[in-house]
Amino acid sequence: APPPPTPEEYEALLSEIAASLRSDEEAVYLAHERLSEEGRRAERARVERLGEEFGAEREGGSDEVPCPICRGATLGTARDGAILCPSRGCLALRCSPDGLSLPSLREGLAATMEEHAIACGGELGFGMREGFLVAGCRACGGEFVIL
């Protein structure tokens, strides 16, 4: 068996290990910072896209709202005031006399998507449940009633 290290050799070995750990720690910190910044940029871009898609301010004052469920059609309003998806019939919101409108639905969608994008960053999926438009996120397990 080799002789035990001298106190000087032991100190040198500990210094070498500590320097290596500091170097590794700094590399991990820098990588984390880079990924965090990339994530923040991606999240800002995603929120901007959501704002363009569901934003309250639309060019020309249009009240058009894309169907959040199928994204294949623009929502419309029936004679009885219900908000419907004409493409697949995947969305049908029966409106109360409170005055639910396409602009209020668009604002509710934009607010929910923006708040969730900031809090979690996971993709929201939309669907109808018991007459309500709901959003769910697999990443955080959150469920939100839109209207």
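Read-outs: derived from the displayed coordinates by stated rules, not from any lab. Since the structure is predicted, the reported quantities are computational estimates derived from the model, not experimental observations. Every residue, glycine as well, gets a Cβ built from its backbone with ideal geometry; the counts of neighbours run over all protein chains shown.
What the table below lists for this structure:
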quantity: Ranked packing of 17-23, 117-123, most packed first, by mean Cβ within 10 Å; calculated: 117-123, 17-23
quantity: Per-q log10 I(q)/I(0), segment 107-147, q = 0.14, 0.26 Å⁻¹ (Debye; single scatterer per alpha-carbon; no solvent); calculated: -0.26, -0.86
quantity: Pairwise FRET efficiency - E33 versus A111, Cβ, R0 = 25 Å, nearest 0.05; calculated: 0.25
quantity: Distance between modelled label sites at R88 and S15, nm, 7 Å Cα→Cβ extension; calculated: 6.8
